[in-house]
């Protein structure tokens, strides 16, 4: 066994690999970019090496710099993590040529499975069923559209070198094909350096089933059962679970046998995933599951497999790379209970799921569950990398218990000012369809309206008034309405609301989530702060304890800060709400209605579908921004004419920069 390992990756991925390496007594080495100088994975490593500027292509994706770091630190092995260069056959060969142990798939297997079109042809030869589609060499837009027309819509355009949901577009009609193709190719070229695509029939009611396989250098391949990764948004996995709901023994036997056959076809060594697409219209059936692709690396969702099998897949990777056989035979592996994983993203569900960047001033994750993360309070979410900041994993005896436990864990997440999808995850996990296992890859698209909180709940509104009253009671900077009765003093006076032989009573206003809330609050005398809150002709009893506010008969929320701080926050089942002084401004919506298209975050302009003078319809793309490894189209807010496009393709832009203007046309 080697004695040191360099992880050619960052964040949560590097921290995960380090955890196993430390347990096995292996020295850990990190590489980092200038943007990650104070990152958690850098501090957790025994040694760390700066390898370049923030952009991944100048640091984490620069094979020469990674190899130089390995030589300088005497690293005996390199683990590529998952992402970046984990499926780069040239890099794997360079590592091995340098006399360093490569902890990954054989280069030949990476090449065989790395291009989706070639992989499908190989699977057909191996007798593994594949979905119908076009995988030809003719990549002209005309030929690709003709093939899509022949297959029949909807179709899926996929980058042949793709992965992680990048370079994929669903097309429902022929007239939308060419625009989708252009966008897909740009994203593929940016993410993988290869803009070639294939066309697949899009399966209605699709389930995403994948099988964890593991091989050794002695020809042995085992499977560690299946995972269901159907809960996706824009082809990005959101919640994964193992085993798959509704999977019977016969179907499991068929799909795992096909996965082992696929791995053996490429003489696979190490951890890999065979991904299948299933037609779920009639439940899972062995004759309606097709090979989709193979990921020749460890997957982000591997913890759920570890939970139900009791193995450490990173340890298995280390042992396979050292030439050892697979630690367990197939008949020694079994399923124990149920596991679920939720991906916590730095994104704003209420704002179209746009990535959210910045400093993590407040970052609290739950206790009692497995957490894989690469950030901490005081750290920063960068524009340069993937927006996933943590994974929450729960293992229980039943699926119902796992879902309840994961919902509780996601509901305990507190993050600010970076926005996260924690509350969205809670609503997914508690949705009646998810609870009974009625989930396909279209679930979020169909149910999205009910999965996003656009307004604060009644509980949050009560908490906002409670915090306002509490701050006045403690003599800080409250705001209150005009005096409610002749007995009440000025609201800025600590004696405000005083009545002879009566509790303090006052009317308050606050703003939470951009909405105004008002009500009457009556203080009680008790061991803790207790308040009678009257809001919208309803009365509630609210009790304030350290970091928690309990409302009788309604629920409990967390809070942080007060008016003495820069931010007073209420945390409600994963959602974060800021409570502020109410401001009345009749022109608040002007910026949203004046036709200006502003950059939601720093990024690079990758396309300008519309030019100055073009007539555009509401919703038509005007300019396309690339940020955090994804494209974001800025669309016309109304019918009109493009007055100006301020930037060109390739330009870097700052957050909130006005990228283009759309002018309303006067009606005739």
Being more than 30 Å from residue 446 (Cα to Cα) and out of contact with any helix residue (DSSP H, G or I) (no Cβ under 7 Å at 6 or more places or on another chain) is true for just one of 264, 237. Which residue is that? 264
Please verify whether segment 242-250 includes one or more residues that are over 25 Å from residue 437 (Cα atoms) and surrounded by 20 or more Cβ atoms within 10 Å (Cβ to Cβ). no
Consider residue 253 carefully, then state whether it is over 21 Å from the mean Cα position of the chain (by Cα) and either part of a loop (DSSP other than H, G, I, E, B) or modelled with pLDDT under 95 (or both). no
Considering only segment 194-216, how many residues are at pLDDT 90 or above and out of contact with any helix residue (DSSP H, G or I) (no Cβ under 7 Å at 6 or more places or on another chain)? 5
Output yes when any residue across segment 173-184 is at pLDDT below 95, under 27 Å from residue 264 (Cβ atoms), touching a strand residue (DSSP E or B) at 6+ places or on another chain (Cβ under 9 Å) and surrounded by 21 or more Cβ atoms within 10 Å (Cβ to Cβ), and no when none is. no
Restricting attention to segment 137-154, does a residue exist that is under 30 Å from residue 17 (Cβ atoms), surrounded by 15 or more Cβ atoms within 10 Å (Cβ to Cβ) and either modelled with pLDDT under 95 or touching a strand residue (DSSP E or B) at 6+ places or on another chain (Cβ under 8 Å) (or both)? no
Looking at segment 40-49, can you tell me whether even one residue there is outside the structural domain of residue 602 (by TED's automatic domain parsing), over 26 Å from residue 312 (Cα atoms) and surrounded by fewer than 21 Cβ atoms within 10 Å (Cβ to Cβ)? yes
Show me the strands (runs of 3 or more DSSP E) found entirely inside segment 66-184 where at least 3 residues are assigned by TED's automatic domain parsing to the domain that holds residue 18. 77-79
Taking residue 158, is it under 25 Å from the mean Cα position of the chain (by Cα) and in contact (Cβ under 8 Å) with a residue 24 or more places away in the chain? yes
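The values are calculated or read from the model by the stated rules, or taken from the named source; none is laboratory data. Please read all numbers here as calculations on a predicted model, not as lab measurements. With ideal geometry, Cβ positions are generated from the backbone for all residues, glycine too; neighbour counts draw on all protein chains shown.
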